[in-house]
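Asks: What follows is a structure written as structure tokens; I'll ask about it next.
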Amino acid sequence: MTRWVFVHNAPDGLPPPVLRHLENQRRRYPGIEIETRGEPEQWKLTDRLDLAALEDIFGPAPSRDDAEALAIADSAPHRRSGEGRAQPPTS
């Protein structure tokens, strides 16, 4: 590996501890180019991809029949459990 990109969605940039960790990794692995990429930069790259490349990454888009046949139970293995999480106020 010659390059590693940390993709994130932090709108205000990465917090100092993460930046320090990445800098430590750059010193530890000088032969690997380590960079960060926020959501706007990632969208710019994604927007340039053709349909075949997008399908290679994300898989084919579901058909209307697929979407209509989908049940909540089908997504259960992919959802994180909400147990133990603080719930937002209801008012």
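The values are calculated or read from the model by the stated rules, or taken from the named source; none is laboratory data. Just so you know, these numbers come straight off a predicted model, no measurement behind them. Because the Cβ atoms are built from the backbone with ideal geometry, glycine has one as well, and the counts that use them run over all protein chains shown.
Asks: Taking the condition of being surrounded by 12 or more Cβ atoms within 10 Å (Cβ to Cβ) and over 23 Å from His8 (Cβ atoms), how many residues in segment 22-72 meet it?
Replies: Total meeting the criteria: 1.
Asks: Further question on the same structure: When the residues of segment 34-49 are narrowed to those that are among the charged types (D, E, K, R) and not in a helix (DSSP H, G or I), which ends up farthest from the chain's Cα centre (by Cα)? Lay out the reasoning, then the answer.
Replies: First, the residues of segment 34-49 that are among the charged types (D, E, K, R): 35, 37, 39, 41, 44, 47-48.
Restricting the remaining residues to those that are not in a helix (DSSP H, G or I) gives 35, 37, 48.
Details: Glu35: 15, Arg37: 11, Arg48: 18 Å.
Per the stated criteria, the residue is Arg48.
Asks: Considering only residues that are small (Gly, Ala, Ser), part of a helix (DSSP H, G or I) and under 20 Å from the mean Cα position of the chain (by Cα), which ones fall in segment 57-73? First the steps, then the outcome.
Replies: Here is the first cut: in segment 57-73, the residues small (Gly, Ala, Ser) are 59, 61, 63, 67, 69, 71, 73.
Remaining after also requiring part of a helix (DSSP H, G or I): 67, 69, 73.
Listed by number, the list is empty, since nothing qualifies.
Asks: Another question, if that's okay. So how many residues does segment 3-33 have that are polar (S, T, N, Q) and at pLDDT below 95? Please lay out each step first, then the result.
Replies: Initially, segment 3-33 is screened for residues polar (S, T, N, Q), giving 9, 24-25.
From the residues that got through so far, the ones that are at pLDDT below 95 too are 9.
Selection size over segment 3-33: 1.
Asks: Here is a follow-up. Evaluate the following for Leu54: is it at pLDDT 90 or above, touching a helix residue (DSSP H, G or I) at 6+ places or on another chain (Cβ under 8 Å) and either among the basic types (Lys, Arg) or assigned to a helix (DSSP H, G or I) (or both)?
Replies: Considered against the rule, which asks whether it is at pLDDT 90 or above, touching a helix residue (DSSP H, G or I) at 6+ places or on another chain (Cβ under 8 Å) and either among the basic types (Lys, Arg) or assigned to a helix (DSSP H, G or I) (or both), Leu54 comes out as yes.
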